[in-house]
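Comments concern the structure below.
The values are calculated or read from the model by the stated rules, or taken from the named source; none is laboratory data. Given the structure is predicted, the values throughout are model-derived calculations rather than measurements. Glycine also receives a Cβ, built like all others from the backbone with ideal geometry; neighbour counts cover every protein chain displayed.
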Amino acid sequence: MTSIEETIRICAGNVKRLRTSRHVTQATVAEQVGITEKYLSDIETGRKLCSLDTLVAIANCLEVEPYELLLPENRGISYDSHRTQVMMEQLKSDFTRMVDTIGTFLEEGRPTT
């Protein structure tokens, strides 16, 4: 099972990797999402955790599904596998709860149950 810290690191890395692979500047993403470049930089380095609304806006700007920002880089999405389909559906349904848990963890310094 992935820890909250690992999930934040994965998400941060994915945002930066996807942005740079699309040759999009932080300024462009920040403008389209409605945040500052500094805040986007903090998201990409894992120093800050964004809201679910911001994460969805970043995913839309990068033309990916929000849950794709939470997948480890070496784990491709294969929809032909039943196991993968089940996991993707669970990830979609648990996305809001997971982001809330991460936010609470960062604010309070401990996970919630």
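Here are the numbers:
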item: For Gln90: the one exception among (1) modelled with pLDDT under 90; (2) outside any helix (DSSP H, G or I); result: (2)
item: Single residue of Glu31, Glu107, Glu44 found to be at pLDDT 75 or above, closer than 15 Å to Val15 by Cβ and charged (D, E, K, R); result: Glu44
item: Residues (among the basic types (Lys, Arg), surrounded by fewer than 13 Cβ atoms within 10 Å (Cβ to Cβ) and part of a helix (DSSP H, G or I)) located in segment 19-78; result: Lys38
